[in-house]
Amino acid sequence: MKRYEQLAHDIAESIRSGVLVAGQRIPSVRHASKTYGVNASTVFQAYYLLENRGLIRSKPRSGYFVCSQPRQSLPDREHSQMEVTSTAVDVSELVFSVLGSVRDPSIIPLGSAFPSPKLFPMQRLARSMAKATRLMDMRSVVADLPPGNHDLRRQIALRYVVENVPVNMEEVVVTSGAMEALNLCLQAVTSPGDLVAIESPAFYGSLQVLERLKLKAVEIPVDSRTGIDLEVLGKALEHHPIKACWLMSNFQNPVGVTMDDASKKSLVALLRKHQVPLIEDDVYNELYFSSHPPKPAKSFDEEGLVMHCCSFSKSLAPGYRVGWAAAGQFARQIERLKLMTTISASIPAQAAIADYLEYGGYDRHLRKLRHNLEVQQNQMIAAINRYFPDGTRVTKPGGGYFLWLELPGNVDSLKLFKLALAQGISIAPGPIFSATRGFRQYVRLNYGHPWEQEFEKAMEVLGRIATSLK
Ligand SMILES: Cc1ncc(COP(=O)(O)O)c(C=O)c1O
């Protein structure tokens, strides 16, 4: 363990054991650096790690404070296993039956993948959209073909520059949401029958893409505190002809974990050693609660082997369907695949988002969004503590809008899903996140909605049903 990791570990232990309690100020950087005999940058690194794990938060000009914690969090090495096998993926029926039944707007959407539209500047965006359609030059129908609208790509590239991520505008290809970027990237580097390393549990959308492209999944366990198990991944890469790796290094869906920088660096080095491209799904990267954004694994990419896929769907403009891939050495392939499949992303939507990014106050909106999500996360954790059966364990991600719960006893999340739906509440049951239908005792809940009375009530009902199934 590096010095800063040891320091972060010691402080985390003090929080877990109750020595440091919610709301308490932890030692200042100067004080900690004296006490522990390390330099200030080591303390900063340790505090940054703790912030990313949702254990502490910084308040401008006041210092660092302990966040409120779930009653019980998921333990380390939750799913660790060393055996690596590949599986043909067949999840769509289950995913569609779960997701299809929650489209009814009267259902309380705790199982939804979307945050509430109330959190987004829809009216301001509508002004940008109106301007884009009013000023639309018919030549842009051709000019904005892949790789996409020049101004938008410039704005996207600028955000990378500000965060010191080595991406140039040339490698940015605009797509119809991140989902298309991810699809095209995987398609560019695989053929039917190939093996792809994915996380376990994984975003069900990734499982469906593997199923559609007739690829086989090599599931690598995700630890709820540290992310994908690099030891198991290394072993899988040694013994299997894996053609690509698809993962989320930040606010992983569904677990919520963010890998630390050292692990991201090791991940990229490991994949480089085996010359396996990484498809990095980073759709929640703007939704962090700490003072700094988490770096993408793409930050450590020297050979253009990482395809960084993002969108504005979760951070600004749900429904506009504008995303992108910063696709490194694969950019021209992605550009062609985009042309061959859906020709281009919507021309007015691209122009509208470019306009908003330039004049709309994106960073101001993001600050508000992050604050709201963090408040809502605390409200949901408090409700779990109030209503769920003893022995329920929950993650506390440092960003995004999902909690991942392990239910006690023999509670079956598919049964819970059916009973909750009958009461007008949706949840995302664990098995939709696994090619092997595991995680039956797990549930993903969405806190991306303002905490109105109906959400408190829904949590109470859900907790009661879970207790009855225990
Ligand atoms: C982890 C993850 N990746 C990708 C997507 C797709 O993003 P987009 O709506 O931009 O296509 C989603 C949407 O739910 C998601 O949760």
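The values are calculated or read from the model by the stated rules, or taken from the named source; none is laboratory data. It should be emphasised that the depicted structure is a prediction, and the values quoted were computed from it without experimental measurement. Positions of Cβ are generated from backbone atoms using ideal geometry, with glycine treated the same way; all protein chains shown enter the neighbour counts. Each accessible area value is taken on the protein alone, full model and side chains, heavy atoms only, with ligands, DNA and RNA left out. Shrake-Rupley method; radii C 1.70, N 1.55, O 1.52, S 1.80 Å.
Please quote Rg/Rh for region 217-334 to two decimal places, taking the Kirkwood radius as Rh and restricting both calculations to Cα atoms. Can you show the working numbers first?
Details: Rg = 14.2 Å, Rh = 14.8 Å.
Ratio of gyration radius to Kirkwood radius: 0.96.
Using every alpha carbon pair in region 3-66, what percent of pairs falls into each 10 Å bin from 0 up to the bin containing the largest distance?
Reading the bins upward from 0: 24, 61, 15.
Could you tell me how far the Cα centroid of region 395-444 sits from the Cα centroid of region 160-181, in Å?
Answer, in whole Å: 32.
For region 40-179, what does the convex hull of the Cα positions come to per residue, in cubic angstrom? Can you show the working numbers first?
On the way: hull volume 41.7 nm³, N = 140.
Hull volume normalised by residue count: 298 Å³.
Which entries of K216/K368; K235/K298; K214/K368; K59/K298; K235/K396; K118/K470 have Cα-Cα distances beyond 31 Å here?
On the way: K216/K368 41 Å; K235/K298 22 Å; K214/K368 42 Å; K59/K298 29 Å; K235/K396 29 Å; K118/K470 35 Å.
Pairs exceeding the cut-off: K216/K368; K214/K368; K118/K470.
Normalised by the empirical 2.2 N^0.38 Å for globular proteins, what value does the Cα Rg of region 348-470 take?
Values: Rg = 17.2 Å, N = 123, 2.2 N^0.38 = 13.7 Å.
This ratio for region 348-470 stands at 1.26.
In what sequence, highest mean first, do 216-226, 321-331, 417-427 appear when ranked by Cβ atoms within 10 angstrom? Can you show the working numbers first?
Details: 216-226: 22.2, 321-331: 24.2, 417-427: 18.9.
Going from most to least packed, we get 321-331, 216-226, 417-427.
More than 32 angstrom separation, counting every C-alpha pair in region 120-362; what % is that? Intermediate values should be presented prior to the final figure.
On the way: 5326 of 29403 pairs.
Looking at region 120-362, the distances longer than 32 Å represent 18 percent of pairs.
Starting from the amide H of K216, placed 1.01 Å from N in the peptide plane, find each other amide H under 5 Å away whose residue is 5 or more places distant or on another chain.
Correct list: G193, D194, L195, V196.
Along Cα→Cβ, 7 Å out, is where each label goes; now give me the distance between the ones at Q423 and K470 in nm to one decimal.
1.4 nm
Among the trypsin sites (Lys or Arg not before Pro) in region 100-147, which ones are in a DSSP loop with at most 11 other Cβ atoms within 10 Å of the Cβ? Mind listing them?
On the way: sites: R103, K118, R124, R127, K131, R134, R139; in loops: R103, R139.
Listed in order of number, the matching sites are R103, R139.
Taking 20 °C and 1.002 mPa s as the conditions, I'd like the Stokes-Einstein D for region 155-263 in µm²/s, using the Kirkwood hydrodynamic radius from alpha carbon pairs.
Working: Rh = 15.2 Å.
Result for D is 141 µm²/s.
How big is the antiparallel share of DSSP beta bridges in the chain, given as a percent to the nearest 5? Mind showing how you got there, number by number?
Values: 28 of 47 bridges.
Given both bridge residues lie in the chain, the antiparallel proportion sits at roughly 60 percent.
Cα convex hull of region 313-375: how many Å³ per residue? Before the final figure, lay out each step's value.
Values: hull volume 6.9 nm³, N = 63.
So the per-residue hull volume is 110 Å³.
Express the carbon and sulfur contribution to the solvent-accessible surface of the chain as a percent, rounded to the nearest whole number, probe 1.4 angstrom. Working shown, then result.
On the way: 10270 of 19520 Å².
Using a 1.4 Å probe with all protein chains present, the chain comes out at 53 percent carbon and sulfur.
Per residue, what accessible area does region 120-362 have, given a 1.4 Å probe and all protein chains present, in Å²? Each step should come with its number before you reach the end.
Working: 8770 Å² over 243 residues.
Result: 36 Å² per residue.
Could you state the orientation-averaged shadow area of the convex hull built on the Cα atoms of region 105-175, in nm² to one decimal?
7.5 nm²
Report the equivalent ellipsoid semi-axes for region 366-432 in whole Å, largest first, defined as the square roots of five times the eigenvalues of the gyration tensor built from alpha carbon atoms. Provide the component values of the computation, followed by the final result.
Numbers: eigenvalues 114, 39, 26 Å².
Each semi-axis is the square root of five times an eigenvalue, giving 24, 14, 11 Å.
Taking the Cα-to-Cβ direction at Q329 and at T133 and moving 7 Å from each Cα, how far apart do the two end points lie in nm?
For the pair Q329/T133, the computed spacing is 4.4 nm.
Give me the dipole magnitude in Debye, nearest 20, for the chain about the Cα centre, with unit charges on the beta carbon: positive for Lys and Arg, negative for Asp and Glu.
Here the chain has a charge dipole of around 1060 debye.
Strictly greater than 44 Å: what percent of every Cα pair in the chain meets that? Before the final figure, lay out the partial values.
Numbers: 10432 of 110215 pairs.
Beyond 44 Å sits 9 percent of the P(r) for the chain.
Can you work out the accessible area per residue across region 3-66, with the rest of the protein chains kept in place, probe 1.4 Å, in square angstrom? Could you put the intermediate results ahead of the total?
Details: 3430 Å² over 64 residues.
Dividing the accessible area of region 3-66 by its residue count gives 54 Å².
Peptides 359-365, 442-448, 84-90: what's the order by average Cβ count within 10 Å, highest mean first? Mind showing how you got there, number by number?
Numbers: 359-365: 14.7, 442-448: 25.3, 84-90: 16.4.
Most protected by this proxy first, the peptides run 442-448, 84-90, 359-365.
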